[in-house]
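The values are calculated or read from the model by the stated rules, or taken from the named source; none is laboratory data. The model shown is predicted, which means the values in this text are computed figures rather than measured ones. Virtual Cβ from ideal backbone geometry, glycine too; neighbours counted across all protein chains shown.
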Amino acid sequence: MYIESNLSIKNKVTEFIQKVPKAELHIHLEGSIEPETLMRIAERNKINLKYNSVEEVKKAYRFDDLKDFLNIYNQGTKILRTELDFYEITLEYLNKVSTQSVKHVEMFIDFQTYEKRDIKPEIILSGIKAAIADANKKTGITCYLILAFLRQLGAEAALKTFMNALKFKEDIIGIGIAATEIGYPPELFAEVFEAARNEGFRTTAHAGEEGPASYVKGSIDILKVDRIDHGNKAMDDLELIQELIDRQIPLTLCPLSNIALKNVAKLKDHTLKKKLDLGLLVSVNSDDPSYFGGYVNENYQAVASELQLSISDIRKLAENSFVSSFLPDIEKEFHLKTIKDLYEEVIK
Ligand code: ADE
Ligand code: ZN
């Protein structure tokens, strides 16, 4: 009997990861700025960075935890000023992931970071939208936008930014909360989430990245979110896990982010495979690819190698990414069919 070698199976998994259509549902636009782009835009806008070279930027991309990372990430946002800046970073990310068979993206954008510098949402959005249109024309990729509020700025600020953003309703599919998690539990944001749901926005919340399982529970019970970003710590509450399984509430997992921010010690300890086997609706995402050492395919590849994922596991993760998305059913079905066709061709 022919026994396929481990190497040949590994190569097949790698090839399948590269080719399989995927959606990326957890990516912060500013987390995709490559060091080279950061330096180039800073120079164009005559902004003094504390780095003198791309190598120095790369060296600075090491973090002890989420707070430490967010400080460096915030420094990076200071280079962005103009519509062209937002256009270029969005296009660079979308072009990059198009080469990884990513067909659809749901991207976090942020208006609050720019309010103090009086960079208007109109400027941010017009650059981003132009890039999405150009990327779509070139590669067919689609991209929805999720407006993320920074938890540490508080609920009142989130509501104010949301009310001002209502005029861009056509351009924004949903809202979310991100940044500093601990100390800012989900219930603080009940009012803005209710207002958003009433206006027909979809909703997500970062929860259980650093914070406890109760933040995941609060996000689904009080904020009534459609999706949880991260959700790792839900594993501490088995009743909650059962609820997430029963209600098929998606968790957008970001394995390389969890390692970079020391929320998980080693990839071998990551609970992604366990969650998949339990029937949780988990997907693989990059979070902040230029900071955490990889885009979506590098995340798939890392967990495939460390957790010994099979082609059928990868298929399920890719399917979950579309099932968890905010795409209309007809588009989900189209992508699911292309995944099925590819899978059947590969295992023949
Ligand atoms: N903003 C950008 N990346 C983030 C992360 N990993 N967690 C919370 N907020 C973020
Ligand atoms: Zn995130």
Exercise. Is it the case that some residue within the stretch 202-220 is under 21 Å from the mean Cα position of the chain (by Cα), more than 22 Å from Val284 (Cα to Cα) and either buried (at least 21 other Cβ atoms within 10 Å of the Cβ) or of a type in the set (Lys, Arg) (or both)?
Worked result: yes
For this session: Exactly one condition in (1) more than 30 Å from Phe334 (Cα to Cα); (2) out of contact with any helix residue (DSSP H, G or I) (no Cβ under 8 Å at 6 or more places or on another chain); (3) buried (at least 22 other Cβ atoms within 10 Å of the Cβ) is not met by His26; state its number.
Result: (1)
For this session: Residues being touching a Leu at 6+ places or on another chain (Cβ under 7 Å) and either modelled with pLDDT under 95 or surrounded by 21 or more Cβ atoms within 10 Å (Cβ to Cβ) (or both): count how many of those fall in the stretch 318-348.
Result: 6
For this session: Report yes if Ser283 is within 30 Å of Gly76 (Cα to Cα), modelled with pLDDT of 95 or more, outside any loop (DSSP other than H, G, I, E, B) and among the hydroxyl-bearing types (Ser, Thr, Tyr), otherwise no.
Result: yes
Seminar exercise, completed: In the stretch 176-195, anything more than 14 Å from ligand 1 (Cβ to nearest atom) and closer than 14 Å to Phe111 by Cβ is listed as Val192
Problem set entry | Ile228 being in a helix (DSSP H, G or I), β-branched (Val, Ile, Thr) and within 16 Å of ligand 1 (Cβ to nearest atom) | no
Exercise. With Lys19, Lys12 as the choices, which residue is among the basic types (Lys, Arg), away from ligand 1 (no atom under 16 Å from the Cβ) and within 21 Å of the chain's Cα centre (by Cα)?
Worked result: Lys19
Exercise. Of the conditions (1) closer than 29 Å to Asn95 by Cβ; (2) surrounded by fewer than 20 Cβ atoms within 10 Å (Cβ to Cβ), Arg227 fails just one. Which one is it?
Worked result: (2)
Exercise. Name the pairs: first residue in the stretch 289-308 and among the acidic types (Asp, Glu), second residue part of a helix (DSSP H, G or I), Cβ to Cβ under 7 Å, at least 6 apart or on different chains?
Worked result: Glu298/Leu256; Glu306/Leu267; Glu306/Lys268
Problem set entry | Residue check for Phe168: closer than 17 Å to Glu106 by Cβ, in a helix (DSSP H, G or I) and aromatic (Phe, Trp, Tyr) | yes
Problem set entry | Subset of the stretch 80-128 [outside any helix (DSSP H, G or I), touching a residue at least 24 places away in the same chain (Cβ under 8 Å) and more than 16 Å from ligand 1 (Cβ to nearest atom)] | Arg81, Thr82, Gln100, Ser101, Val102, Lys103, His104, Arg117, Ile119
Problem set entry | Qualifying residues in the stretch 196-225 (those that are touching a Gly at 6+ places or on another chain (Cβ under 6 Å) and in a loop (DSSP other than H, G, I, E, B)) - the one nearest to Leu150 (Cα to Cα) | Gly208
Exercise. Looking at (1) closer than 28 Å to Leu307 by Cα; (2) surrounded by fewer than 16 Cβ atoms within 10 Å (Cβ to Cβ); (3) of a type outside the set (Lys, Arg), which is the one condition that is false for Ser32?
Worked result: (2)
Exercise. For Asp341, are the conditions met, namely being of a type in the set (D, E, K, R) and over 30 Å from Asp110 (Cα atoms)?
Worked result: yes
Exercise. Looking at Asn74, Asn52, Asn45, which one is exposed (fewer than 15 other Cβ atoms within 10 Å of the Cβ), within 15 Å of ligand 2 (Cβ to nearest atom) and of a type outside the set (Ser, Thr, Tyr)?
Worked result: Asn74
Problem set entry | Members of the stretch 55-71 found to be acidic (Asp, Glu) and either surrounded by 14 or more Cβ atoms within 10 Å (Cβ to Cβ) or more than 20 Å from the chain's Cα centre (by Cα) (or both), listed by number | Glu55, Glu56, Asp64
For this session: Could you run through the stretch 286-329 and say how many residues are within 22 Å of Thr204 (Cβ to Cβ) and either over 20 Å from the mean Cα position of the chain (by Cα) or in a helix (DSSP H, G or I) (or both)?
Result: 17
